[in-house]
Amino acid sequence: MLEKVKRALRLDDDELDDEVLDLIEACKADLMLCGVINISDEDPLIIQAIKTYGRANFDVTNPDHEKYIRSYESLKSHLSLSDEYTVVNTK
């Protein structure tokens, strides 16, 4: 997940890896607070949510900052309303 988020943020080196890892964990925690319990690093919607969260929170001086926040909030809302992400999978 780290490399995917770094690519989304256009980061080439390892200097800010700790900050990016913190953003990944913060996003997962935020999703859990909204009831999303099925968080897989392989799920395309979860990956997109984490990348968008990173874009929204990594550089708040980015002129697209607000756009990314709205995009993340929309995706988070959809995930939190879906049984696929909020119900324990017993299979």
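None of the figures in this text is laboratory data; all of them are computed from the coordinates on show. Keep in mind that this is a model prediction, so the values were computed, not measured. Quick reminder, even Gly has a Cβ in these numbers, built from the backbone with ideal geometry, and neighbours come from all protein chains shown.
For this structure, a couple of remarks:
- Formal net charge of residues neighbouring R70 (Cβ-Cβ distance under 13 Å; K, R +1; D, E -1): 0
- Folded to 0 to 90 degrees: helix 65-80 orientation relative to the chain principal axis, Cα: 20 degrees
- Sequence-distant contacts, meaning Cα pairs under 8 Å at least 6 residues apart, place the relative contact order of the chain at 32 percent.
- Karplus-derived HN-Hα couplings along the range 48-62 (A = 6.51, B = -1.76, C = 1.60, θ = phi - 60°), whole Hz, x at Gly and Pro: 5, 4, 5, 5, 5, 4, x, 4, 6, 10, 6, 10, 6, 8, 4
- Here the chain yields Rg over Rh of 0.98, to two decimals, using C-alpha coordinates and the Kirkwood radius.
- Computed packing ranks the peptides 23-34, 51-62 as 51-62, 23-34, most packed first, by mean other Cβ atoms within 10 Å.
- Taking label points 7 Å from Cα along the Cα-to-Cβ direction, E42 and R7 give a separation of 1.8 nm.
- Label-to-label distance, nm, for residues given as H78 and V60 (7 Å Cα→Cβ offset): 2.7 nm
- Ratio Rg/Rh [Cα only; Rh per Kirkwood] for the range 1-53: 0.97
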